[in-house]
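The values are calculated or read from the model by the stated rules, or taken from the named source; none is laboratory data. In this text, all values refer to a predicted model and were calculated from it rather than measured experimentally. Note that each Cβ is placed from the backbone with ideal geometry, even for glycine, and that neighbours are counted across all protein chains shown. The area values use the complete protein model at the heavy-atom level, side chains included, leaving out ligands, DNA and RNA. Shrake-Rupley method; radii C 1.70, N 1.55, O 1.52, S 1.80 Å.
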Amino acid sequence: MHASVDSDSGAPGSDLDRPLPLRRLVYLPEADEVTIGSPETDTYAVFPADGAELVRMLADGATPREAAERYEAVHGESVDIADLVEVLADLDLLRPDSAPVDEAAPVRWQRLGRLVFSRPALIGYALVTALAVVEMVRTPRLVPSIDHIFFSPSYTLVVLMLFFGQAPLLALHEAFHALAGRRLGLRSRLSVGRRLVYLVLETSLDGLVSVPRRQRYLPIMAGMLADVLAIAVLTLVADATGGGTASFCLAMAYATVLRLAWQGFFYLRTDLYVLLSTVLGTVNLHAAAADVLRNALRRATGRPPLDLDAHHPVDRRAARWYAWLMLVGYAFTLTVFAGVVVPTAYRLLHDMWLRLSGQASVAGRLDSLALMVLSLAQTGAVLVLAARERRAARAARTTARPA
């Protein structure tokens with residue numbers, strides 16, 4: 001079956017007898033599939049091997065009709081070449097006719113990325129971390145503890161210092177992701193996102209799918225490496241100083257430990273989830289595992305199970321055991337909630353109640369009011385992001401709906 005193409009439309013690829021103006025493409029074969037994309041647009045997609053063969057013909061200068069004829073001669077079956085051209089256009093892999101063919105601009109900070117993740121640097125990080133562990137063993141007060149959070153009687157100061165103190169550490173986490181990718185020549189984008197009720201920074205490394213799998217591990221784990229290094233340095237600074245500086249450093253270290261523990265919340269598709277998906281070579285492991293859990297619930301309630309055949313075979317195989325790892329993530333979340341969030345919230349709310357009920361000075365009451373305003377502001381920011389995400393999802397569904 002061959003779809004018709006309007007050859008008078010003037011759009012790139014509309015004439016099957018003209019070579020396609022393709023962007024500079026990269027190819028990464030894996031098993032029986034090939035990832036194809038362009039560093040110019042950071043768009044990538046997975047093609048079957050025979051589809052990738054067609055794309056290579058087009059990239060080598062063959063017209064769509066010529067490529068289809070060669071494919072039929074080799075494989076003995078016809079191909080809907082117009083559909084392939086449409087896919088390439090949707091992926092923005094076709095260069096507009098008016099656009100000049102430019103050489104790709106060099107990726108900035110590539111040399112810095114290579115320096116930060118050089119062998120001597122990694123050895124240095126390991127030595128600093130080991131020294132911090134030794135000091136924690138020698139001096140138990142350095143071991144991260146929930147009491148470290150309350151380094152000041154002013155809760156507003158605690159919240160503000162934690163927020164502004166964690167901001168550069170969050171930036172360091174994302175910078176390590178970006179630099180680990182840029183050392184490979186990959187571009188990155190930083191955005192603000194949401195996980196449950198928390199605002200988060202996210203680094204996008206779309207081009208990571210275009211490099212061999214073994215080269216992806218360091219960019220994925222780089223953020224956790226930054227967190228471990230930050231905890232070690234803060235612990236050593238606290239050990240070497242005293243007073244308010246040490247208390248503040250220990251508070252920052254404990255908050256960073258909590259962010260590192262966040263990686264165990266697998267159902268939130270954290271760095272550990274991305275690492276595991278990369279090792280296993282899955283496509284959308286989270287969705288497949290979620291359906292496995294839904295089926296377990298459906299069988300328990302006597303309802304018919306969902307059809308798992310819509311998921312990639314690799315996802316289906318891994319989801320059989322990863323689904324239970326997601327449950328471990330839920331259990332770990334409840335443990336952190338009960339051991340950290342509840343005691344912290346209780347202490348804050350209890351003390352705020354005492355202060356606002358008149359059992360504190362005017363400064364204490366103002367401090368509690370300021371803390372309430374800050375908490376409401378964070379909740380409001382999360383609600384705004386959630387509303388934007390819902391509008392974007394609704395717009396995407398409307399666009400995808402056929403006329």
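Tabulated values for the structure
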item: Conditions (1) over 26 Å from the mean Cα position of the chain (by Cα); (2) within 30 Å of V340 (Cα to Cα); (3) open to solvent by 40 Å² or more (accessible area, probe 1.4 Å): number failed by P120; result: (2)
item: Residue selected from region 40-70 under the condition under 22 Å from L28 (Cβ atoms) and touching a helix residue (DSSP H, G or I) at 6+ places or on another chain (Cβ under 6 Å), by the criterion modelled with the lowest pLDDT; result: D42
item: Count - residues of region 156-174 that are small (G, A, S) and either free of Cβ contacts under 8 Å to residues at least 60 places away in the same chain or surrounded by fewer than 16 Cβ atoms within 10 Å (Cβ to Cβ) (or both); result: 2
item: Failed criterion for V292 (all others in (1) at pLDDT 90 or above; (2) open to solvent by 30 Å² or more (accessible area, probe 1.4 Å); (3) of a type in the set (A, V, I, L, M, F, W, C) hold); result: (2)
item: Criterion violated by L268 - all others in (1) open to solvent by 30 Å² or more (accessible area, probe 1.4 Å); (2) in contact with a strand residue (DSSP E or B) (Cβ under 7 Å, 6 or more places away or on another chain) satisfied; result: (1)
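For every residue, the table says whether it meets (1) closer than 30 Å to P39 by Cα; (2) part of a loop (DSSP other than H, G, I, E, B); (3) among the acidic types (D, E).
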site	(1), (2), (3)
A62	yes, yes, no
A68	yes, no, no
P106	yes, yes, no
L112	yes, no, no
L127	no, no, no
P144	no, yes, no
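So that you can scan it fast, the table gives a plain yes or no per residue for (1) over 30 Å from L160 (Cβ atoms); (2) at pLDDT 90 or above; (3) aromatic (F, W, Y):
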site	(1), (2), (3)
L250	no, yes, no
G264	no, no, no
G281	yes, no, no
R303	yes, yes, no
